[in-house]
1. Please give the number of the condition A:Met104 fails out of (1) within 24 Å of the chain's Cα centre (by Cα); (2) free of Cβ contacts under 8 Å to residues at least 24 places away in the same chain; (3) assigned to a helix (DSSP H, G or I).
2. Answer with yes or no whether A:Ala197 is surrounded by 19 or more Cβ atoms within 10 Å (Cβ to Cβ), over 15 Å from the mean Cα position of the chain (by Cα), under 17 Å from A:Thr107 (Cα atoms) and not β-branched (Val, Ile, Thr).
3. Consider A:Leu57 against the criteria (1) touching a residue at least 40 places away in the same chain (Cβ under 8 Å); (2) part of a loop (DSSP other than H, G, I, E, B); (3) among the hydrophobic types (A, V, I, L, M, F, W, C): it satisfies all of them except one. Which criterion is unmet?
4. Only one residue in B:Phe193, B:Phe165 is in contact with a Lys or Arg (Cβ under 8 Å, 6 or more places away or on another chain), over 22 Å from B:Gly76 (Cβ atoms), at pLDDT 90 or above and not charged (D, E, K, R), so which one is that?
5. Run A:Ile152 past the list (1) in a loop (DSSP other than H, G, I, E, B); (2) under 30 Å from B:Ala222 (Cα atoms) and report the number of the one that doesn't hold.
6. Looking at this structure, is B:Ile136 within 26 Å of the chain's Cα centre (by Cα), surrounded by 19 or more Cβ atoms within 10 Å (Cβ to Cβ), within 11 Å of chain A (Cβ to nearest Cβ) and among the hydrophobic types (A, V, I, L, M, F, W, C)?
7. Could you pull out the residue among A:Ala82, A:Ala43, A:Ala21 that is among the hydrophobic types (A, V, I, L, M, F, W, C), assigned to a helix (DSSP H, G or I) and surrounded by 12 or more Cβ atoms within 10 Å (Cβ to Cβ)?
8. Of all residues in the range B:231-246, which are surrounded by fewer than 22 Cβ atoms within 10 Å (Cβ to Cβ) and away from chain A (no Cβ under 14 Å)?
Amino acid sequence: MSIFLFKRLITLVATLIGASAVVFLVLEILPGNAAQILMGPDASPDAVQALAAKLGLDRPPLERYWDWVSGMLTGNLGLSYAYSTPVAELVAERLWLTVPLALMAMTITSVIALAAGIYAAARHNKLGDVGVMGLSQIGIAIPNFWFAILLILLFSVHLKWFSAGGFPGWEEGILEGIKALLLPAVSLAVVQSAILARITRSAVLEVLREDFVRTARAKGVSRTGTLWGHVLRNAMIPVITIMGLQFAELLAGTIVVESVFYLPGLGRLIFQSISNRDLIVVRNCVMLLAAMVVIVNFVVDLLYASIDPRVKASDI
Amino acid sequence: MSAVPVATPPPTHGPAFWRRALGHRSFAIGAVLSLLLVLAALLSYAWTPHSPYEIDMELKLLPPSGTYWFGTDAYGRDVASLLLVGARSSIVVGVVAVSIGLIAGTAFGLLASARRGWVEETIMRLADFGFAFPAILSAIMLTAVFGPGMVNAIIAIGIYNIPTFARITRASANAVWSREFVLAARACGKNAFSITMEHVLPNILSVLIVQATIRFAIAILAEAALSYLGLGTQPPQPSWGRMLSEAQTLMFQAPLLAVFPGIAIALAVLGLNLLGDGLRDLFDPRLARKR
C-alpha cells in the first residue's frame, strides 16, 4: 500500500504544481500588465505604474509565483484589487455556499442514479429498464441551467413554494439554507444522475454475467440476495470512478447554476471578478476549483484501490 | 490478449451498412434530429420567417401565433427566426472545437502509442493534468484575459477536448499495435509513421467518429452555458444560450421564451448522443449485444 500511496501522492503534488503554473501563466503573465487591465485602456501610464508598484507587479515573475504559492500554503492569498479585502476571506465566505451545494447535488445524484441504475439492471430489457434508459437519455441532453430555469418557472413562478433565487445565509437556520439550495442542487444533479444511472446499470449487468453470481444463485441465494450481497460491491468500482469525475463537473457546474439562482458562491465570485477585472481573485478561485478537482480524483484513486486490491497490485 | 475472430465481420460502409443503420432505432432517431439541426442552420442562410436582427418595440413579447410561430422576444424579434440562426453558433462552435480536440488529441494519442516509453508516459500524464480544467474553467481563464467571445469559447472547449481524444486514441491504437498484421508490416520493414498512417489510424477511425459525435453534443452544451453567462457568442449574433439568459429576466411576463431555446438545445444534444450510440452499435455489434 505504501508504494501505491507514495506514487499517487507524487502524481498529486506534480499535478497541483503544474496546474498552479498554468493558472499563473494564463492569468498573471499572459495579460501583460494586470494594473492596466484593472484600470482600463484609458488610464494614464503614471497611474498604471503606481498601481503596478503598489500591487507588486513590477517584481520578477518567478518571485511573484513563489510568493503566490507560499501564500496559498499559509492561507495568505493577497488583497482583492476590487474589494481591497483579503482574497482568502472572500473565498472562505463563498465556500460555505458552494461546497454544501456541490455535496447536496452529489448526494441527490447518488441516490437517484444508484436506485435507477440498479432497478434498470434488475429489469434488464423489460419496460422499467427501457423507461429508465429513455429518461436518462433525455436527462443527459438537458442543459443544467435550462433545467434550473424550468424549476424556477414551476416551483417559484407558478407554485410559489421556493424563492426564485438568492440565499438567506446559514445564520437564518440550516433548514432555510437547505431550502434555498434545493432547487440549484436538483438542477445540478439531474444531468449527472442520468449519466451515473447508465454507468451503474451497465456495471451491474456486467457483474451479473460473472461466474460467481451463477455459483451464488446455484447455491440457492435469492436474486435479491445475490444482487445486494455479491453484485453491488463489485459493480461499485466503475461507479465510484465516475462519481469522482462527476464531483469535479458539479463544482464547475456551480459557476453556471449559481448565476441562474443569484447565489453568492465561489462560481458567482469568479464571474463577478471577471467583470471587475479582479484577476487576483479569478486566479485564486480557478486554482482552488482545479485543486479540488485534482484532490477529489486522488481520493477516488485511493477508494478504488481499497475496493479492488487488484488495482494496487497492478500498479506496483 | 487477442479478440475472438468474428466469422463474417459486419459491413461498416456501403448499402448493407445503411440498410442495417436505418433499422437501428437510436441511429435513425439521432440521424433525423442531427440532420434537422444542420438543415435549420443551412436554411437560416437562405430564409427565416422574419429578420432575427430587426428590433421593433411595438411587437415585443407577442404570444405564439400564425405570423410569429413561437412569439416575439423583448425587442420584438421573431423567436423562430432567432432559433434558426442560433443553430449556426452551436454548429460552428461544435465543429471547430471538436476538430481542434480531434486533430491534436489524435496526434498525441498516436504518437504516444507509436513511441511508447517516456513519450507515452509524458503525454498521458499531461492528458491527466488537462482533466483538472473543465471547459467552463478554461473558458473563464481565457475570458478573464482576452475578453468574452465566440473564438475564445471555441478555443477553451477545443483544449478541453484534447485530453479525451488523446486517451481514447492511445488506448485503441495500442490494441491495434499488438495485432498480427502490424507485426507483419514491421517485418516488411515499414517504419512507425507509415504503420500508424496505413494500419493504425484506419482501424481506430470508427472509435474516433463515435467519440467526435458525442463530444459535439458536449460542445453544444458548453457553448450554450458560456453564452448564457455572457462569455460565449456575443450580440447581435443570436445564440440559444443567450436567448435563455434574456428570457430569464422576463419569466413572469413571458415564461414561454425560456422554454423554446432549451428545447432546441436538448433536441440537438439528444440527436447527437443517439447518433453516437447508434454508430457505436453499428461499428461494433458485439458491444450492442452485450448491452
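The values are calculated or read from the model by the stated rules, or taken from the named source; none is laboratory data. Since this is a predicted model, take the numbers as computed values, not measurements. Counting neighbours? That spans all protein chains shown, and the Cβs are built from the backbone with ideal geometry, glycine included.
1. Result: A:Met104 fails condition (2) only.
2. yes
3. (1)
4. After ruling out the rest, the residue left standing is B:Phe165.
5. Condition not satisfied by A:Ile152: (1).
6. yes
7. A:Ala21
8. B:Gln234, B:Pro235, B:Pro236, B:Gln237
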